[in-house]
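Please treat every number below as a calculation from the coordinates, not as lab data. All figures in this text were calculated on a predicted structure; none of them were measured in a lab. Here the Cβ is made from the backbone with ideal geometry for all residues, glycine too, and neighbour counts use every protein chain on show.
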């Protein structure tokens with residue numbers, strides 16, 4: 001009986017050693033959890049960016065206002081009946 005108890009205690013010790021120091025032990029689980037949190041943050045940023053891009057695509061497909069705004073801001077385009085006036089401040 002004493003031998004069986006000793007064997008069971010040793011096996012229990014081995015199981016605990018694997019739990020605390022093994023390949024799939026507590027330190028590895030903590031590391032994986034921190035990686036998961038970082039990845040979720042990156043995924044949230046990517047999701048927000050995708051939503052903004054999707055909204056822009058939808059605006060481009062449905063309306064001309066965004067196209068006109070982009071043409072004016074990025075390309076400096078004007079309508080045929082418009083004049084471009086630029087003001088500059090004179091520095092004394």
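Full extension from residue 6 to residue 41: what is 0.36 nm times the residue separation minus their Cα-Cα distance, to one decimal in nm?
Full extension of this stretch gives 7.8 nm more.
Mind pulling the angle between the C-alpha long axis of helix 2-21 and the longest principal axis of the chain? Nearest 10 degrees, somewhere in 0 to 90.
20
Could you tell me how many degrees, from 0 to 90 and to the nearest 10, lie between the Cα long axis of helix 26-62 and the main elongation axis, the longest principal axis, of the Cα atoms of the chain?
In the chain, helix 26-62 runs at an angle near 20 degrees to the longest axis.
Tell me, what does the Kirkwood hydrodynamic radius of the chain come to in angstroms if you use every pair of distinct C-alpha atoms?
When all Cα pairs of the chain are included, the Kirkwood radius is 20.4 Å.
When 16, 90 are ordered from fewest to most other Cβ atoms inside 10 Å of their Cβ, what list results?
Ascending number of Cβ neighbours within 10 Å: 90, 16.
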